[in-house]
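Notes to accompany the following structure.
The values are calculated or read from the model by the stated rules, or taken from the named source; none is laboratory data. Since the model is a prediction, treat every value here as computed from it, not as a measurement. Cβ placement follows ideal geometry from the backbone for every residue including glycine, while neighbour counts extend to all protein chains displayed. Accessible surface areas use protein heavy atoms only, side chains included; no ligands, DNA or RNA. Shrake-Rupley method; radii C 1.70, N 1.55, O 1.52, S 1.80 Å.
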Amino acid sequence: MAALNGSEYFEFEIEAGRDSFARASNAETVEEDEEELMWAALARLPSQKQGNFALLRRTPSGAAGETKVYAKTETVDVRKLSRSRREHVVKKAFATNDQDNYRLLFAIKERLDRVGLEEPKVEVRFKNLKVVADVQTGSRALPTLINATRDTFEPTANLMMFFFSGIYRMTLLLGPPGSGKSTLLIALAGKLDSNLEVCTHWTSAYISQTDNHIPELTVRETLDFAARYQGSSEGFAGYMKDLTHLEKERKIRPSPEIDAFMKASSVGGKKHSVSTDYVLKVLGLDVCSDTIVGNDMLRGVSGGQRKRVTTGEMVVGPRKTLFMDEISTGLDSSTTYQIVNCVRNFVHQMDATVLMALLQPAPETFDLFDDLVLLSEGYVVYQGPREDALEFFESLGFKLPPRKGVADFLQEVTSKKDQAQYWADHSKPYRFLPVSEIANAFKNSKYGRSVESSLDVPYDKSKSHPSALSKTKYAFVAYKFIINWILLIFFLRFLTSLLHIFKVAFVGFVTCTMFLRTRLHPSDEKNGQLYLSCLFYGLVHIMFNGLSELSIMISRLPVFYKQRDNNFHPAWAWSIASWIVRVPYSIIEAVVWSCVVYYSVGFAPGVGRFFRFLFLLFSVHQMALGLFRMMASLARDMVIANIFGSAAILIIFLLAGFIIPKDMIKPWWVWGFWVSPLSYGQKALSVNEFTASRWNEKSAIGDNTVGYNILEGHGLPHNDNWYWIGVGALLLYALLFNSLVTLALTYLNPLRTSKTAIPLDATEENCTGEGVISQEEGGKKKGMILPFQPLAMTFHNVNYFVDMPKGLVEIPYILMQTIIYGIITYFMINFERTAIKILISLISWLLLHIGKYFLYLVFMFLTFTCFTFSGMMAVGLTPNPHLAAVISTAFYSLWNLLSGFLIAKPNIPGWWIWLYYINPVSWTLRGVITSQLGDIVTIIDEPGYRGTVKEYLEVSLDYGPGMIGVSAAVLVCFCLLYFSIFAFSVKFLNFQRR
């Protein structure tokens with residue numbers, strides 16, 4: 001080239017890091033020779049080992065002005081890469097610091113083309129797809145009790161969605177909310193209906209709008225888990241052997257960076273994967289890879305980062321057919337553009353298929369797509385090349401105005417409110433064009449006919465790549481699923497389990513000091529009743545510990561359903577692993593309770609009876625865990641599960657044989673006694689204790705032994721074989737419940753709370769009676785003018801307020817519960833009805849006892865309110881519902897123990913009597929019993945006691961007169977205290993801080 005002074009000079013392309021016109025240094029020459037030797041050494045390895053080793057070139061070091069240290073090449077085992085080496089492999093393969101995978105994918109494609117290997121291709125085809133759904137119109141869609149009742153008896157309208165036909169590659173799915181985008185994506189992914197025949201459902205992945213993740217895992221751990229369970233190594237592993245063989249045969253030497261990346265990506269079954277580092281780089285998540293994902297209550301990554309984790313969880317696998325639903329929610333336009341651009345590179349270089357739904361893509365993002373599908377009201381109104389969409393709508397009379405984005409125009413042109421502003425055919429008046437007419441116009445246009453003609457040509461299956469579609473449903477064999485899930489669940493439950501164990505030890509300490517052996521003696525039936533109370537309380541407490549399984553399992557279900565539907569693992573693997581992990585915890589809880597309580601209380605001292613006691617508690621805990629896991633898997637909703645869980649506990653406790661002996665249970669409820677799992681535990685524990693030799697002393701009451709009288713008085717068996725019958729029944733129940741859990745997880749789907757609604761037809765203000773807007777009136781053009789006026793906004797002393805939860809928004813519901821419960825129980829239990837003659841009218845009876853009935857309702861209302869506010873307090877003081885459930889069950893257990901029912905107030909040791917007075921349940925019992933029975937003078941003539949009912953309450957329970965008002969006042973104070981603590985916690989505590 002000529003210089004300014006007329007002289008000539010030449011430009012040389014100098015290799016970076018080498019001085020101009022300088023000869024290669026000895027160090028560089030030696031390095032090149034060593035690399036040649038390494039390649040030769042790799043070539044001499046057996047074929048099965050060549051894929052395990054690669055050459056990794058270090059980045060040259062040396063600052064400006066210093067001697068350059070040339071890159072050193074070393075041989076690495078791709079099966080044993082450390083985190084730093086995995087990141088280095090990805091960095092070298094990217095060949096850029098930008099968030100762009102084009103160079104990497106282009107180099108991989110070029111390497112395959114040089115040896116004639118084709119990338120497996122998947123093409124999505126469908127024809128005449130129609131979806132029919134039940135919908136509500138207008139106000140019928142509101143979730144009210146009246147509408148729910150009407151929906152039960154009245155039929156709903158049918159909504160039909162016609163998705164026409166199509167062939168997709170890099171396609172944008174566009175449409176306003178409610179147009180059917182998610183329905184189409186779910187249908188094509190094979191997840192809409194199990195009867196829908198889809199050939200690619202093992203090869204495709206649906207990326208949902210919702211972000212359901214295990215919150216305790218970091219971003220890297222989440223993607224590593226997804227990569228391992230989806231078999232991310234299958235992508236390159238399918239042809240790495242053939243690729244290496246062909247390159248060796250043709251003496252082609254690949255780029256060491258690309259070779260190392262592909263070999264490392266083909267390694268499967270490892271805890272960490274190079275594919276994870278690749279996806280972290282592509283999605284810009286490498287900066288937060290070690291941050292936990294988090295959720296609403298556990299602070300983790302941001303909302304936009306969590307949305308990218310949802311995307312990365314699916315693209316990290318080998319699936320080449322992706323149906324992506326609103327992946328840009330929470331992302332800025334720049335990040336969205338980078339992600340879509342990387343997806344576009346993946347589609348074009350790797351022959352993948354992507355159908356991506358975006359709500360309002362920016363113009364630069366919109367231009368990245370090859371094809372476009374436009375939906376509105378369940379119809380396909382356009383499908384074809386992106387650049388031809390405007391031409392189609394211009395043929396209908398609509399034109400894109402200046403300074404308007406194409407994507408916004410396409411979504412608004414089908415809307416009844418916005419369509420008129422885009423009318424451009426002034427030769428005829430504007431008439432609203434319904435979506436159905438636009439869809440028919442497209443079907444009859446050259447664009448619609450082009451789609452139909454392409455589908456008329458059958459797919460040539462002879463050109464199908466053998467590895468294009470996945471042949472197996474899961475990436476792991478059975479035992480690996482179970483082992484991996486056991487390790488993960490153990491990690492997730494470790495801290496919660498430690499808290500459970502501490503709770504068992506603490507409550508056990510309180511129990512053993514309540515029933516201390518120095519205060520109990522196995523001498524008579526009165527002391528035997530206390531021993532029986534302690535045994536029953538132990539069963540109740542162990543079973544209550546399983547209640548927290550409800551909230552824990554329901555919180556895991558959304559993640560489970562996502563992973564199950566995307567073939568991460570079978571349902572039985574997750575169920576069995578969850579069951580196995582609970583076994584050690586059941587053993588530990590049984591051991592802790594037995595060691596703390598058994599000898600401290602002074603149960604039968606034989607070693608054999610101690611281990612039988614321990615084994616029975618283990619069986620009860622396993623049964624309880626299975627029961628509550630079954631309820632969670634069937635209910636699939638926290639509110640429903642809590643309702644059924646509470647009802648199950650009450651029924652099981654009531655019919656266990658302790659609160660009501662078997663002989664006193666009504667005939668129509670006797671079957672419940674035999675069905676109740678707790679009754680078998682009560683029989684087994686009672687037999688284990690009261691058949692011991694120390695209870696064989698002759699009783700002062702009758703001719704039988706003390707142990708026999710205790711068992712007989714509660715309708716319990718006397719034969720020692722009932723211990724093994726009880727244990728066997730409990731273990732069978734555990735097996736039954738866990739089997740039902742597996743079936744529920746396999747066949748049930750998550751509850752769908754959202755319903756499609758069709759708005760009632762409304763007359764548009766700018767429409768005439770015929771639905772026509774005149775374009776000209778009085779010689780003046782009429783239309784929509786879009787004025788633009790710049791506005792300035794200033795702020796001063798801006799305050800942000802959040803309304804405090806109103807504990808009063810619960811009182812009406814509690815009052816309704818109280819009235820219903822009071823009406824059912826008060827008249828059915830028959831409080832003081834023995835003196836009332838059958839012929840006395842109901843009205844006179846009510847007048848006579850209206851005061852007692854009112855007091856009964858008052859105490860029930862205060863009790864329900866107290867428990868409601870205590871639950872709110874527990875949630876407000878703890879960082880998550882799981883911890884709240886653990887703490888609540890501990891309080892419930894102590895409240896039951898110190899209520900004055902299992903052990904009467906006169907028998908409570910002095911060092912625990914203060915707990916009796918701060919126990920709301922004890923005041924409830926005192927208030928209810930004294931208000932209903934405190935004035936009864938009926939004579940009780942039973943073994944061990946003779947006197948009136950009133951005297952029995954004063955002597956045995958220490959329920960003196962004049963405490964009804966005090967009991968009510970104390971309960972009111974408890975309600976105010978619990979609600980005040982809840983309000984304080986909501987106002988001042990923040991568990992979302994890092």
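Taking the Cβ-Cβ separation of Lys471 and Gln48 as r and a Förster radius of 25 Å, what is the calculated FRET efficiency to the nearest 0.05?
The value I calculate is 0.70.
If the label point is 7 Å along Cα→Cβ of His245, which residues in the stretch 74-114 have backbone nitrogen under 15 Å from it?
Label zone hits: none.
Evaluate the charge dipole of the stretch 369-515 about its Cα centre and quote only its size in Debye, nearest 20, assuming +1 on the Cβ of each Lys and Arg and -1 on the Cβ of each Asp and Glu.
The calculated dipole for the stretch 369-515 is roughly 720 debye.
With a point put 7 Å past each Cα toward its Cβ, work out how far Phe988 is from Arg125 in nm, to one decimal.
Taking the two extended label points, one gets 7.0 nm.
Please state the shape class of the stretch 900-960: rounded when a/c is under 1.5, otherwise prolate if a/b exceeds b/c and oblate if not, all from the C-alpha gyration tensor.
oblate
What are the ³J(HN,Hα) couplings of the stretch 530-537, residue after residue, when phi is run through the Karplus curve with 6.51, -1.76, 1.60 and θ = phi - 60°? Round to Hz, x for glycine and proline.
5, 4, 5, 4, 5, 5, 5, 4
Which whole-Hz ³J(HN,Hα) couplings does the stretch 608-619 yield from phi under the Karplus relation 6.51 cos²θ - 1.76 cosθ + 1.60, θ = phi - 60°, glycine and proline marked x?
For the stretch 608-619, the Karplus curve yields x, 5, 4, 5, 5, 4, 4, 5, 5, 4, 4, 5 Hz.
Rounded, prolate or oblate, given the Cα gyration tensor of the stretch 503-577, with a/c below 1.5 counting as rounded?
Prolate, because a/c is 1.5 or more and a/b exceeds b/c.
Quick one: length gained pulling Trp724 to Arg103 fully straight, 0.36 nm per residue minus the C-alpha distance?
Once the chain is fully extended between Trp724 and Arg103, it gains 216.6 nm.
Short version: ³J(HN,Hα) in whole Hz for each residue of the stretch 963-968, in order, from phi by Karplus 6.51 cos²θ - 1.76 cosθ + 1.60 (θ = phi - 60°), x for Gly and Pro, what are they?
Running phi through 6.51 cos²θ - 1.76 cosθ + 1.60 with θ = phi - 60° gives 10, 5, x, 5, 4, 5 Hz.
Under unit Cβ charges (Lys, Arg +1; Asp, Glu -1), what dipole magnitude, rounded to 20 debye, does the stretch 305-464 have relative to its Cα centre?
Result for the stretch 305-464 is approximately 160 debye, rounded to the nearest 20.
Could you work out how far apart the two model spin labels at Trp674 and Arg403 are, taking each label as a point 7 Å from the Cα in the direction of the beta carbon, and quote it in nm?
Going by the 7 Å Cα→Cβ label model, 8.4 nm.
Straight-line reach from Lys666: which lysines fall under 21 Å, measuring Cα to Cα and dropping same-chain residues less than 8 apart?
In chain and number order, the partners are Lys683.
At 1.4 Å probe size, what's the solvent-accessible area of Trp669? Round to the nearest 10 Å².
110 Å²
Place +1 on the Cβ of every Lys and Arg and -1 on the Cβ of every Asp and Glu in the stretch 478-747, take the dipole about the Cα centre, and give the residue among Leu614, Ser676, Thr496 whose Cα lies farthest towards its positive end.
Selected residue: Thr496.
Can you list residues whose amide H is under 5 Å from Tyr168's amide H, if they're 5+ apart or on another chain and H is modeled 1.01 Å from N?
Residues meeting the criterion, in which the H sits 1.01 Å from N, are Val124.
With all protein chains present and a 1.4 Å probe, how do Lys251, Lys416, Lys307 order by accessible area, largest first?
Final ranking, largest accessible area leading: Lys251, Lys416, Lys307.
With only Lys, Arg, Asp and Glu charged, each at its Cβ (+1 for the first two, -1 for the last two), find how big the charge dipole of the stretch 615-724 is about the Cα centre; round to the nearest 20 debye.
Numbers: 7 positive and 7 negative charges, 62 e Å.
The calculation lands at about 300 debye.
Excluding ligands and nucleic acids, what accessible area in Å² is computed for Val583 using a 1.4 Å probe, to the nearest 10?
The accessible area comes out at roughly 50 Å².
Using r as the Cβ-Cβ distance of Arg517 and Asn799, and R0 as 56 Å, what FRET efficiency do you calculate, to the nearest 0.05?
0.35
Decide, for the stretch 478-747, between rounded, prolate and oblate: order the square roots of the alpha carbon gyration tensor eigenvalues as a ≥ b ≥ c, take rounded if a/c falls under 1.5, and otherwise choose prolate if a/b is larger than b/c, else oblate.
prolate
Report the net charge of residues surrounding Gln338, where surrounding means a beta-carbon distance below 15 angstrom and charges are Lys +1, Arg +1, Asp -1, Glu -1. List each step's numbers first, then the result.
Values: positive: Arg103, Lys281, Lys307, Arg308, Arg344; negative: Asp98, Asp100, Asp286, Asp332, Glu364, Asp367.
Here the charged neighbours net out to -1.
Pairs to check: Lys241/Lys461; Lys191/Lys399; Lys91/Lys270. Give those whose C-alpha atoms are more than 30 Å from each other in this structure.
Result: Lys191/Lys399 exceed 30 Å.
Once the Cα atoms of the stretch 479-608 are picked out, what are the Rg and Dmax in Å?
Gyration radius and largest Cα-Cα distance of the stretch 479-608: 19.3, 64 Å.
At what distance in nm do the modelled label points of Glu951 and Ser302 sit from each other, each positioned 7 Å from its Cα along Cα→Cβ?
Each label point is offset 7 Å from its Cα along the Cβ direction, giving 7.9 nm.
Measure up Lys109/Lys281; Lys852/Lys987; Lys92/Lys307 against 30 Å on the Cα-Cα distance and list the ones that go over.
Correct reply: Lys852/Lys987.
Express in Å², to the nearest 10, the accessible area of Phe603 obtained by rolling a 1.4 Å probe over the protein heavy atoms while all chains stay in place.
Looks like 10 Å² after rounding.
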